[in-house]
1. Yes or no: the stretch 237-253 includes at least one residue that is surrounded by 23 or more Cβ atoms within 10 Å (Cβ to Cβ) and assigned to a helix (DSSP H, G or I).
2. I'm trying to understand the selection: among the residues of the stretch 101-112, which are under 18 Å from THR155 (Cβ atoms), open to solvent by less than 10 Å² (accessible area, probe 1.4 Å) and hydrophobic (A, V, I, L, M, F, W, C)?
3. Condition first: among the small types (Gly, Ala, Ser), touching a strand residue (DSSP E or B) at 6+ places or on another chain (Cβ under 7 Å), open to solvent by less than 20 Å² (accessible area, probe 1.4 Å) and closer than 30 Å to ARG27 by Cα. Can you find one or more residues in the stretch 86-100 that meet it?
4. Within the stretch 47-61, is even one residue touching a Pro at 6+ places or on another chain (Cβ under 8 Å), surrounded by 20 or more Cβ atoms within 10 Å (Cβ to Cβ) and not polar (S, T, N, Q)?
5. Any residue that is open to solvent by 50 Å² or more (accessible area, probe 1.4 Å), among the polar types (S, T, N, Q) and in contact with a strand residue (DSSP E or B) (Cβ under 7 Å, 6 or more places away or on another chain) - is there at least one of those in the stretch 35-46?
6. From PHE279, PHE256, grab the single residue that is of a type outside the set (S, T, N, Q), open to solvent by less than 40 Å² (accessible area, probe 1.4 Å) and within 24 Å of ASP67 (Cβ to Cβ).
7. Test ARG159 against the criterion of being basic (Lys, Arg) and at pLDDT 95 or above, and give yes or no.
8. Just one of TYR8, TYR74, TYR17 is open to solvent by 30 Å² or more (accessible area, probe 1.4 Å), aromatic (Phe, Trp, Tyr) and touching a helix residue (DSSP H, G or I) at 6+ places or on another chain (Cβ under 7 Å); which is it?
Amino acid sequence: MGPAVVDYRFQRLPSAYRYFPRAVFGRRHALVPDGEQVPRLEGSVAAVRVSRGHLARYRDVCGFPDDGSLPITYPHVVALPLQFAILTHPRFVVRLMGLIHIANEIQQARPLPAGGEYGLRSWIEGHRDSERGHEFDLFTSIEDAQGTAWLERSTLLARRVPSARPASRSARQALRYERPAEGDRPEAVDIDVPRSLGRRYGWLSGDLNPIHLADRGAKIFGFERAVAHGMWSMARAFAALGAGPLAPPVLAQVEFKFPLFLPSVARLEHWPKDGREVFVLKEIMSDRPHLAGSTRRG
């Protein structure tokens, strides 16, 4: 039995690549074994400053303008080494490469100036048993002089081996999302998703999962072609929404639906509803939703 809390405290951010051998070759379970629990696993860095060059490349790949602040999704990329550190720790007994990012929520209290110094922390603890498998909430926070300025919850799924009926239920669930009602006036933005995107965003973010890099790697994991990173799609959708719906304080919530294959063209539809900005990103040819969500003040 290991300690109840595992706490990695780094003096500076480690490289995400140091954890790849554990992620790829470590012997892990598909699901949390019966009777076991994931303990609280934490990783933190007391002081982080972002690289201006890296930030500029991120803005370019995701479509954000340079407004002097960090884009709302950028801290996720900064924190990726901490997330890899805890998700490849021996006490996290599930295979990292088998996890699916199914939802994301970001609460940002105030702007994050690009030149600021921030505390960075990620943690995970326990799991939920669901119809599709085991779900985990991975949290990340950015701290400034006033406290927590940015908080993210990434929901990850370790799937059960699907049968035909659960697969059908899963497809129906993916098609459940908020649609425009009569009287709503959606705006639409078309977004190009080039073949090279998986490699560009992968090397930039440190997420080099083979399903994103090339068709051959994607087919190993059951996809017909390479698929876009979900966090790129979320970032690109937010960039297309513009600054208004994302001005802090803001709560942004996204559910990931069907894969977005490379290359493709996606369409972002968005409309105001009850104090929120509601949106859905679809692949144009199939009309299948890739992600859906909303933003609201608070």
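1. yes
2. If the condition is that a residue be under 18 Å from THR155 (Cβ atoms), open to solvent by less than 10 Å² (accessible area, probe 1.4 Å) and hydrophobic (A, V, I, L, M, F, W, C), then ILE106 is the only one that fits.
3. Within the stretch 86-100, none of the residues are among the small types (Gly, Ala, Ser), touching a strand residue (DSSP E or B) at 6+ places or on another chain (Cβ under 7 Å), open to solvent by less than 20 Å² (accessible area, probe 1.4 Å) and closer than 30 Å to ARG27 by Cα.
4. yes
5. no
6. Working: PHE256 fails: within 24 Å of ASP67 (Cβ to Cβ).
After ruling out the rest, the residue left standing is PHE279.
7. Working: basic (Lys, Arg): yes; at pLDDT 95 or above: no.
So ARG159 fails the test.
8. Details: TYR74 fails: open to solvent by 30 Å² or more (accessible area, probe 1.4 Å); TYR17 fails: touching a helix residue (DSSP H, G or I) at 6+ places or on another chain (Cβ under 7 Å).
Going through TYR8, TYR74, TYR17 in turn, the sole match is TYR8.
The values are calculated or read from the model by the stated rules, or taken from the named source; none is laboratory data. A quick note: this is a predicted structure, and the numbers were derived from the prediction, not measured. Glycine also receives a Cβ, built like all others from the backbone with ideal geometry; neighbour counts cover every protein chain displayed. Each accessible area value is taken on the protein alone, full model and side chains, heavy atoms only, with ligands, DNA and RNA left out. Shrake-Rupley method; radii C 1.70, N 1.55, O 1.52, S 1.80 Å.
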